[in-house]
Structure formats: C-alpha cells, structure tokens
Amino acid sequence: NVVTISGTPTASGTFNYTVTTTGGCIPATTTGTITVTPLNTVAAGTSQTVCISSAITNITLATTGATGATVTGLPAGVTGSWAANVVTISGTPTASGTFNYTVTTTGGCLPAATTGTITVTTNNTVGAASSTPTLCVSTSLTSITHTTIGATGIGSPTGLPAGVSAAWASNTITISGTPTASGTFNYSIPLTGGCGAVNAIGTINVEALSIGGSVGGGTTICSGSTSALLTDMTSSAVTRPSFL
C-alpha cells in the first residue's frame, strides 16, 4: 500500500509528477514536483605569458550552477573573483615564475574545477663588460663579453669602432674584430626579446699608431763641440742640442 519513487535523474529541470491509483473504488490522484539541478560547470582555464610588473590580460571563465568560486595558485599581485556566473582573474604580478592556477566552483551541485597557467617573465638584465681595453688601431681586439638574462638576442649596436662587431649566442654578447679607426668609443648594444629595454654598455680605447718625424738642421762638428740646433720638421718644434 505504498507508492515508492526512486532512481537517479539524468536530466535537469522541474518535473511535475502525478500518481494515480488503480483498482478498488474510484482512482485517487496526487501530484508532486522533483526539481533536478544541473551539475556545476566552469569554462576551461587559459594560459598567458606576461612581463613582471605588467598587468595581465583579464581571464574570464563562465560558470553555471555555482553560487561562487575560489581561485588558488595565482602569482602575487593577481586575484580572482566571482560575480554573475563569471570568474575574473586580473591584476599585475609582482613575482616571476610559472603559476598553475585552479578555479573551483562553490554552491550548486558538486564542485567543478578547471586549471590554467600564468607565466611571469623577469626583466632583462645584462652584466658589465668583461674588460675595457686599450689597444692600437689595426690590432685584433681581445673579445669583450657581456652576460645576459631574459633576452633572446640583440639589436644594432651603436658606438663601436669600425672593424668591430657584436654577436649574441647562449645568453652572451661577444664583441670582437680589428678596429680600423682610433679614438675613445663608448658603445651601446640593445637587448631584444624578453622584458624591458636594457642596453649593454662599455668603452673601447683605440690608439693611433706612432708616426716618426724628420729632423732638419744637421751638421758636422768636432768631437767635444756643441752642435747647431736640430729641428723636428713634423711639429716645427726645436729639439734640445744633440751630439754627433
């Protein structure tokens, strides 16, 4: 004498059921309602790469069924919030690294979760020049190196003497060549790729070759006597008396 309703619903919605007796005298009828709430859902997490101290592109993930959500695993400076069935992740990271975040819905039927990644890259850095050389023009330069972090290459150098060039490989800038011009050369080499505008700087001193002059005013004298003045024809300066 008992009607039993049981089972596991596989569809969501509001179901108004009716129970009607059979047999006996005049059927009896009653009604009731079973409301089936769908399971929580959340959109798939996304990944992005950003420079440290630069705002991320907001990440928005739609949810259904939930009444809230928690977000864990975010870098410092980045937060997650839930409103109107949307999780929003935003902010400016202040720490570098790879951060695997997790979004978990709350409320509704059974938590739903999704994951994503925010990669925060440090600003480029470059070390000091391995040397500040002084060399003669037309003499091969002992290579100068700068160690870099974060960069993926270099731009066009400025200030290097003619005959000297720079190359980048394996996080190292190498400056080499044979200068064909003399002077003091303050160079600057921009790093490319990575984060931030950073230049490698240094100085190369290139000395001109010595040029011998000619002496005028020579004479022949007796031993023990003082000669006439000898003149440096290159600079027109008068040298001290010399003895032959």
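From zero outward in steps of 5 Å, how is the percent of C-alpha pairs of the chain spread across the bins? The percentages, shortest bin first, are 1, 5, 9, 8, 6, 6, 6, 6, 6, 6, 5, 5, 4, 4, 3, 3, 3, 3, 2, 2, 2, 1, 1, 1, 1, 1, 1, 1, 0, 0, 0, 0, 0. Near the amide H of residue 86, within less than 5 Å, lie the amide hydrogens of 63, all on another chain or at least 5 residues away, with H placed in the peptide plane.
What does the extension gain come out to for residue 156 and residue 11, with contour length at 0.36 nm per residue minus their alpha carbon separation?
That works out to 45.7 nm of additional length.
To the nearest 10 square angstrom, how much accessible area does residue 3 have with a 1.4 angstrom probe? My reading of the accessible area for residue 3 is about 100 Å².
Partnerless cysteines in the chain, where a partner means another cysteine C-beta under 4.7 angstrom, comprise 25, 109, 136, 222. Using a Gaussian network for the chain with springs between C-alpha atoms less than 10 Å apart, which of these wobbles most: 210, 131, 176? Its mean-square fluctuation being the largest, the pick is 210.
Sorted by mean Cβ packing within 10 Å, highest first, what order do the peptides 20-30, 52-62, 72-82 take?
Packing proxy ranking, top to bottom: 72-82, 52-62, 20-30.
Comparing 15, 185, 99 in a Gaussian network model of the chain (Cα springs below 10 Å), the most mobile by mean-square fluctuation is 15. Computed on region 68-127, the Cα convex hull volume stands at 70 Å³ per residue. Around the amide H of residue 200, modelled in the peptide plane, lie the amide H atoms of 189, 191, all under 5 Å away and 5 or more residues distant in sequence or on another chain.
Please give the FRET efficiency for residue 170 paired with residue 95, using the beta carbon to beta carbon distance and R0 = 30 Å, rounded to the nearest 0.05. Efficiency computed from Cβ-Cβ geometry: 0.65.
Compared with the direct C-alpha span, the chain from residue 209 to residue 47 gains 52.4 nm at full extension, assuming 0.36 nm per residue.
Restricting the calculation to alpha carbons of region 1-77 gives Rg and Dmax of 24.5, 81 angstrom. Under a 5 Å amide H cut-off, with hydrogens placed 1.01 Å from N, residue 101 pairs with 116, 117, 118 among residues at least 5 apart or on other chains.
The values are calculated or read from the model by the stated rules, or taken from the named source; none is laboratory data. Since this is a predicted model, take the numbers as computed values, not measurements. Counting neighbours? That spans all protein chains shown, and the Cβs are built from the backbone with ideal geometry, glycine included. Heavy atoms of the whole protein, side chains included, go into the accessibility calculation; ligands, DNA and RNA do not. Shrake-Rupley method; radii C 1.70, N 1.55, O 1.52, S 1.80 Å.
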